[in-house]
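The values are calculated or read from the model by the stated rules, or taken from the named source; none is laboratory data. Keep in mind the model is a prediction, meaning the values are calculated, not measured. Here Cβ is always computed from backbone atoms with ideal geometry, including for glycine, and neighbour counts include all displayed protein chains. Ligands, DNA and RNA are excluded from the accessible area calculation, which covers all protein heavy atoms including side chains. Shrake-Rupley method; radii C 1.70, N 1.55, O 1.52, S 1.80 Å.
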Amino acid sequence: MRRRLLVLVASMVSLALVAFLVPLALLALMLAADRATADALVRAQSLVPVASVGTGPALELAVEQANGTNGHPLTVFLPTGAVLGEPAPRSEAVRLAFTGRSLTAQARGGREILVAVAGRSAGTTVIRAFVSDADLTRGVRRAWLILALVGAGVLAVSLLVADRLARSQIRLITGIARVSHRLAAGDLTARAPGEGPEELRQVAGALNHLAERIRVLLAQEREAVADLSHQLRTPLTVLRLEAEGLPESEQATRVGAAVESMERMVTRVIKEARRARHDAPGECDAARVVAERLEHWSMLAHDQDRLVSQELTDPPLPVGVGEEALTTCVDALLENVFAHTPEGTDFEVRLSARPGGGAVLLVTDRGPGFLHPGAATRGVSGASSTGLGLDIVRRTAERSGGSMTLADGPAGGARVTVEFGPGPR
């Protein structure tokens, strides 16, 4: 935008300068030529009195004295055919002057001024003053140089003023753009200053109104999620009491652990919903969390005759994700394996360090694979699930500076690769 403004100002100023300076340059050329012609005419007319009444020797002496001074050379053509003063050809203009007409004509290398003097008896005498091209343009180059410097100065000052104005406007626009980027990054406290022209103030006001509206809507959404999650506490409490009333057995222990896990998850949802989005990112040991969740899911895998292969990096393996968020991601990935593959389907979990910091989590199964091309899209599922699990994993990975990739496994089935970014330094 700044460059376009400068080009626009340069174009407008250049057009104005051309329209103003070109006529001035032509006028300077005409004035110089007229001045030289007038000087030559005065020199020629100075010999008129002598040429009209003087004798031959007197006229020759007057011509020699006139040419002895600095000035345009003079030539006198006598009616007898003799030529006095500076030698010059008898041109058509000279012949025309012998008819009694004084005139100015172009000649080779300059301009000749001819003055016809009617004699008393012998006939017409013609006085010729010659003005060279150098004399006709004397001082013109200097005038043109001054005009060019003036034009360049005016253009430079115009561009300087336009650049300062463009900088001030671009600064305001860039400030509004930075505010929009901060809002996109989750900083809902960012506000654009109401400065500058009326149009920019209106844009800033609209952006601030949008930011405030987004903040209110997100607050309402978080509270709605928190309220909905809180309503789940009552049935979970009843379920926990029922589990505690079961006879002691391995199955009762697993049911009780599942209920406790659900209670922790509901509590975590409530806390996450009411926490500001610009809180500092979490950090945890990915090797420890993944190992714990694999141990939890291994009991269910054993009941369903699933072979679990694991290859985990030794702790610590810090990642830029909180422990609760990483637990949710691992549970979502393993839950997809149990929910969307038949019993007895084997799966594999690998955890390795990521180049540059962070971790890479790879979950591969030997099931039917992804039945829907948009499996990672929020709310889209190829089965009867909600379609939120993989989207939660993707958003968690991206917030940490990583990514998620879905592909088919080398021997069939699904292959999910999740990269988590490094923890805060």
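Among the residues of this structure, Pro424 counts as one that is modelled with pLDDT of 65 or more, out of contact with any Leu (no Cβ under 8 Å at 6 or more places or on another chain) and more than 23 Å from Leu307 (Cβ to Cβ). Condition test on Leu17, is it in a helix (DSSP H, G or I) and open to solvent by 40 Å² or more (accessible area, probe 1.4 Å)? It is false that Leu17 is in a helix (DSSP H, G or I) and open to solvent by 40 Å² or more (accessible area, probe 1.4 Å). Entry remark, the stretch 341-359: residues being part of a strand (DSSP E or B), touching a residue at least 60 places away in the same chain (Cβ under 8 Å) and hydroxyl-bearing (Ser, Thr, Tyr) number 0 in total.
Comparison of Thr328, Thr341 shows that the only residue that is β-branched (Val, Ile, Thr), modelled with pLDDT under 90 and out of contact with any helix residue (DSSP H, G or I) (no Cβ under 7 Å at 6 or more places or on another chain) is Thr341. Among the residues of the stretch 305-339, those that are open to solvent by 10 Å² or more (accessible area, probe 1.4 Å) and either assigned to a strand (DSSP E or B) or touching a Cys at 6+ places or on another chain (Cβ under 7 Å) (or both) comprise Val308, Ser309, Gln310, Glu311, Leu312, Pro318, Gly322, Glu323. Here Leu145 passes the criteria (1) of a type in the set (A, V, I, L, M); (2) out of contact with any Asp or Glu (no Cβ under 7 Å at 6 or more places or on another chain); (3) over 17 Å from Ala32 (Cβ atoms) except the one numbered (3).
Look through Thr174, Thr125, Thr104, Thr189 and report the one residue that is assigned to a helix (DSSP H, G or I) and not hydrophobic (A, V, I, L, M, F, W, C). Going through Thr174, Thr125, Thr104, Thr189 in turn, just one is assigned to a helix (DSSP H, G or I) and not hydrophobic (A, V, I, L, M, F, W, C): Thr174. Of the residues making up the stretch 292-307, those that are of a type in the set (A, V, I, L, M, F, W, C) and modelled with pLDDT of 90 or more are Leu294, Leu307. Considered as a group, the residues in the stretch 340-359 that are among the hydroxyl-bearing types (Ser, Thr, Tyr) and surrounded by fewer than 20 Cβ atoms within 10 Å (Cβ to Cβ) include one that is nearest to Ser403 (Cα to Cα), and that residue is Ser352.
Quick check, is Leu29 hydrophobic (A, V, I, L, M, F, W, C), closer than 23 Å to Ala148 by Cβ, open to solvent by less than 90 Å² (accessible area, probe 1.4 Å) and at pLDDT 90 or above? Judged against the criteria, Leu29 is a match. Against the test of being open to solvent by less than 30 Å² (accessible area, probe 1.4 Å) and more than 13 Å from Arg111 (Cα to Cα), the options Ala62, Ala58 yield a single qualifying residue, Ala62. Scanning the stretch 188-210 for residues that are of a type in the set (A, V, I, L, M, F, W, C) and either modelled with pLDDT under 85 or surrounded by 14 or more Cβ atoms within 10 Å (Cβ to Cβ) (or both) turns up Leu188, Ala190, Ala192, Leu200, Val203, Ala204, Leu207. Mind checking which residues of the stretch 360-370 are open to solvent by less than 50 Å² (accessible area, probe 1.4 Å) and either over 43 Å from the mean Cα position of the chain (by Cα) or more than 11 Å from Val418 (Cα to Cα) (or both)? The answer is Thr364, Asp365, Gly367, Gly369. When each of Arg138, Arg213 is tested for being part of a helix (DSSP H, G or I) and either modelled with pLDDT of 85 or more or open to solvent by 60 Å² or more (accessible area, probe 1.4 Å) (or both), the lone residue that passes is Arg213.
Can you find even one residue in the stretch 46-55 that is assigned to a helix (DSSP H, G or I) and either within 60 Å of the chain's Cα centre (by Cα) or of a type in the set (Lys, Arg) (or both)? No, there is no match, as no residue in the stretch 46-55 is assigned to a helix (DSSP H, G or I) and either within 60 Å of the chain's Cα centre (by Cα) or of a type in the set (Lys, Arg) (or both). For the stretch 62-93, filtering for residues that are modelled with pLDDT under 90 and assigned to a helix (DSSP H, G or I) leaves 7.
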